[in-house]
1. What number of residues within region 265-281 are hydroxyl-bearing (Ser, Thr, Tyr) and on the phi > 0 side of the Ramachandran plot?
2. What's the number of the only condition in (1) closer than 30 Å to Pro420 by Cβ; (2) touching a helix residue (DSSP H, G or I) at 6+ places or on another chain (Cβ under 9 Å) that Tyr505 fails to meet?
3. When you look at Ile335, is it over 41 Å from the mean Cα position of the chain (by Cα) and among the aliphatic types (A, V, I, L, M), yes or no?
4. Given the options Phe637, Phe706, Phe716, name the one that is buried (at least 19 other Cβ atoms within 10 Å of the Cβ), at pLDDT 90 or above and touching a strand residue (DSSP E or B) at 6+ places or on another chain (Cβ under 9 Å).
5. Mind listing whichever residues of region 234-280 are surrounded by fewer than 24 Cβ atoms within 10 Å (Cβ to Cβ) and among the basic types (Lys, Arg)?
6. Working only within region 271-311, note down all residues that are among the small types (Gly, Ala, Ser), touching a strand residue (DSSP E or B) at 6+ places or on another chain (Cβ under 8 Å) and part of a helix (DSSP H, G or I).
7. Condition first: in a helix (DSSP H, G or I), assigned by TED's automatic domain parsing to the domain that holds Val363, out of contact with any helix residue (DSSP H, G or I) (no Cβ under 8 Å at 6 or more places or on another chain) and modelled with pLDDT of 85 or more. Can you find one or more residues in region 144-155 that meet it?
8. Would you confirm whether or not region 654-665 contains a residue that is of a type outside the set (D, E, K, R) and surrounded by 17 or more Cβ atoms within 10 Å (Cβ to Cβ)?
Amino acid sequence: MSRFVDRLPFEMRSNNPMVEAEDMGRDGLLLSHYTGGGRGSQTLGQLLKRVGDASDHQVFELGELNGDSSPGPGQSIPFVLAFTDLSYSVKISNKLSFFRRRREGFSNTKTLLDSISGEAKEGEILAVLGASGSGKSTLIDALANRIAKDSLRGSITLNGEPLDSKLLKVISAYVMQDDLLYPMLTVEETLMFAADFRLPRTLSRSKKKSRVQTLIDQLGLRRAAKTIIGDEGHRGVSGGERRRVSIGIDIIHDPIILFLDEPTSGLDSTSAYMVVQVLKRIAESGSIVIMSIHQPSYRILGLLDRLLFLSRGQTVFSGTPDFLPLYFSEFGKPIPENDNRTEYALDLIRELESTPGGTKPLVDFHRSWQAIKHLSNHGTPKKELYTLSLKDAISASISRGKLVSGATNTSTSSSATVQPFANPAWIEIIVLTKRAATNSRRTPELFGIRLGAVLVTGFILATIFWRLDNSPKGVQERMGFFAIAMSTMFYTCADALPVFLQERYIFMRETAYNAYRRSSYVLSNAIVSLPSLVLLSAAFAATTFFAVGLAGGTSGFIFFFLIVLASFWAGSGFVTFLSGIVSNVMLGYTIVVAILAYFLLFSGFFITRDRIPHYWIWFHYLSLVKYPYEAVLQNEFDDPRKCFVKGVQMFDNTPLGSLPEFLKLNVLKAMSNSLGVSLTSQTCITTGTDILKQQGVTDISKWGCFWVTVAWGFLFRMIFYFALLAGSKNKRN
């Protein structure tokens, strides 16, 4: 049945009952297909009415679903996205010698878009075609507001009104060429989390689930709903299914405009056709679909409504697929009857590009042909043609079920308004935390490796520094243990470096179109990391504290655990911040190791504070290792009644230390007579307080050191937030 239907001409398939029956069987959901465009079709919001009452998510009807009521003023006018004379160029620096550069100038300018004009209508698919480097992705980025305004020339309007970038973020969605998904989440979970982000909290949980199930059927993903996305190490869904999931997470809120960058790239012909078939249904549900595509097959061409061919940033054809034969026939290059029209056109464009004159004859012919033929549906829309303002048109679209994430209404007004974010920050934090926890729970080996590293390190330190005594050598060994232990906390945190680096592009995609706030992501990241940090801290403290024989009893152990936890907190904050400004894992590891080595050097263990040169003292106070190191020193040596050097022990670590015991006593007696002070073998020479003074640990209390360490963790996460603000604009300059 499927093969027979696919062989039907496209004109016969649009209203063919066999096609509808196949669609019902293949995708589990029959959408209305009307040749008149999207106004006769059903939005996802309207489809929910068949599932249950959708009033909870503020989808309210201005007319009956079947058109029994007459439409309001201007309701029949579709959205039209028009772009006029879009131009974009970049500067390319010369990599020549100094003298040659002086002759040829400092840089060359490369034009990526050259006066591109056109329009895309609701209910239709506009496909941008061209060879690699023709400017397809650049044009999509320009229309999707992914190019800085100062760099892009020309105008972009929606229904004749300039399209504000903030409004575009809310009413549109952008599907990247790469499928950026969490590999350990199932298809259903991925779409459900997208629904939690993009659908308002006024929509009940059951309605969100119904919406996700509707979308799964629309995308033809019912059989793969419970399958994980997968990656190189985990078997998951197919490439075509993965692409449809990527589309699904961006249309969950039923956007008015959908941009896609080569959605069929890397797919086989069948998967590519199914993806474009889904996009056709989305367009017919009342959306504008604009996508770039490299070389569509004959079947895919039948699903496309408008074509825009580019060559080196210039338009060489714009119009419907039906005009291609006439266009190239008048140009003098008729398309053979049995050839694929788009393949022939692309081959001809490549052939012209290889000639000295390039595609200039075809570009000039397109301009004259457009002017002579006056193609219908290609005039720039005039604002006065629209009986509704853009704001009212969007409100009317929302009222029919589009753009659920931004739809709000009040009892005093029948017009819907658009909000920047679908949910408050606390809802976003909960959803982000749940998603991260689910993904982490399915990769227990990652935490297991970190826990194993901490336990092995603790075991080694415990066995090396087993049951240290209170002699002068024991004091030195304690300080060595503390320095190694505290620096180990920070080095262990380097394992968290790849976490955000792997999520970076997912984060950029989701925040680019207001799925959630950046601040919510930062707070969620901190919340998710806390449980694992607590377990790691408890494991290390329990492994080492009693085995080494540290002082303080229960209270000492609790403080030791807290300072270890604070060290993990500060270390993970530092690594998180670093991952926000470094895009390469190996470079990040190199920076982490180098900076932590400097922190240890200036911590006060190798050289005390009063011996550090004044021009380096600032680094001593910036050292993350300084504060936990001084905190554990005070926790161990802050008891003035505890003695660490008695009588003849003062000769240890000196040349006199090798003398027999009786000679040491005679020297001690001689010193006693000479100083007039009674010195015996039991006289306390150095207390814990004296050791702290010798180490220069006198300016901050142990609890002060603890709170400073905690503050470092918050500070780094705050800087991480500002780094995300500055570095995740996701726009070309």
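1. Restricting attention to region 265-281, the residues satisfying the condition of being hydroxyl-bearing (Ser, Thr, Tyr) are 265, 269-271, 273.
The next check asks that each one be on the phi > 0 side of the Ramachandran plot; those that pass are none.
Looking only at that region, the number is 0.
2. Checking Tyr505 against (1) closer than 30 Å to Pro420 by Cβ; (2) touching a helix residue (DSSP H, G or I) at 6+ places or on another chain (Cβ under 9 Å), the one that fails is (2).
3. Working: over 41 Å from the mean Cα position of the chain (by Cα): yes; among the aliphatic types (A, V, I, L, M): yes.
Considered against the rule, which asks whether it is over 41 Å from the mean Cα position of the chain (by Cα) and among the aliphatic types (A, V, I, L, M), Ile335 comes out as yes.
4. Details: Phe706 fails: touching a strand residue (DSSP E or B) at 6+ places or on another chain (Cβ under 9 Å); Phe716 fails: touching a strand residue (DSSP E or B) at 6+ places or on another chain (Cβ under 9 Å).
Every option except Phe637 fails the conditions.
5. Correct list: Arg235, Arg242, Lys280.
6. Keep residues of region 271-311 that are among the small types (Gly, Ala, Ser), which gives 271-272, 283, 285-287, 292, 297, 302, 311.
The next check asks that each one be touching a strand residue (DSSP E or B) at 6+ places or on another chain (Cβ under 8 Å); those that pass are 283, 287, 292.
Selection gives Ala283 alone.
7. Going through region 144-155, the residues in a helix (DSSP H, G or I) turn out to be none.
Within region 144-155, not a single residue is in a helix (DSSP H, G or I), assigned by TED's automatic domain parsing to the domain that holds Val363, out of contact with any helix residue (DSSP H, G or I) (no Cβ under 8 Å at 6 or more places or on another chain) and modelled with pLDDT of 85 or more.
8. Going through region 654-665, the residues of a type outside the set (D, E, K, R) turn out to be 654-660, 662-663, 665.
Now restrict to residues that are surrounded by 17 or more Cβ atoms within 10 Å (Cβ to Cβ): none.
No: zero hits.
The values are calculated or read from the model by the stated rules, or taken from the named source; none is laboratory data. Being a predicted model, the structure only gives us computed values, none of them experimental. When we count neighbours, we look across all protein chains shown, and the Cβ atoms used for this are built from the backbone with ideal geometry, even at glycine.
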